Amino acid sequence: MAIDVLERGDRQIAETFLPIVHLVFSNLKTWLRGTHHGVSPQHLQAYLNEFTFRFNRRFYPFNSFRSLLGIAGDVTAPTYDELYAAKSRPTTSSGCV
């Protein structure tokens, strides 16, 4: 069975940016497996939001602390029962992409 591959776009741009994309996903997988020892689908979005938050602020630690304080003041923390209920509340993105 042969697979036809159709190349599109600029090869030079792909060679420049794909290593960065691979590095980000490698860091994400290492963080999820190492720090959290895996993630359930139920909580995946919350972990992805945290990773995005940390990744976008990796060069500015003080700004991330200020952002965290601002975000924490706007939301209520879930209870233990809410965290482990069969149906969790939807997580919202902090707008960090």
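The values are calculated or read from the model by the stated rules, or taken from the named source; none is laboratory data. Quick caveat, the model's predicted, so the values are computed rather than measured. Glycine gets a Cβ as well: all are built from the backbone with ideal geometry, and neighbour counts include every protein chain shown.
Taking the range 13-68 as the search range and keeping residues that are charged (D, E, K, R) and assigned by TED's automatic domain parsing to the domain that holds residue 82, which one is nearest to residue 83 (Cα to Cα)? Talk me through it step by step, then tell me what you get.
Keep residues of the range 13-68 that are charged (D, E, K, R), which gives 15, 29, 33, 50, 54, 57-58, 66.
Now restrict to residues that are assigned by TED's automatic domain parsing to the domain that holds residue 82: 50, 54, 57-58, 66.
Numbers: 50: 16, 54: 21, 57: 26, 58: 27, 66: 25 Å.
By that ranking, first place goes to 50.
Modelled with pLDDT of 85 or more, basic (Lys, Arg) and under 12 Å from the mean Cα position of the chain (by Cα): is that true of residue 54 in this structure?
On the way: modelled with pLDDT of 85 or more: yes; basic (Lys, Arg): yes; under 12 Å from the mean Cα position of the chain (by Cα): yes.
Here the answer is yes, as residue 54 does meet what is asked.
Of all residues in the range 40-65, which are exposed (fewer than 15 other Cβ atoms within 10 Å of the Cβ) and outside any helix (DSSP H, G or I)?
Answer for the range 40-65, where residues must be exposed (fewer than 15 other Cβ atoms within 10 Å of the Cβ) and outside any helix (DSSP H, G or I): 40, 41, 42, 43, 58, 59, 60.
Only one of 32, 18, 6, 68 is at pLDDT 90 or above and either of a type in the set (A, V, I, L, M) or in contact with a Pro (Cβ under 7 Å, 6 or more places away or on another chain) (or both); which?
Details: 18 fails: at pLDDT 90 or above; 6 fails: at pLDDT 90 or above; 68 fails: at pLDDT 90 or above.
None of the others qualify; the one that does is 32.
How about the range 26-38: which of its residues are assigned to a helix (DSSP H, G or I) and either basic (Lys, Arg) or exposed (fewer than 10 other Cβ atoms within 10 Å of the Cβ) (or both)?
29, 33, 34
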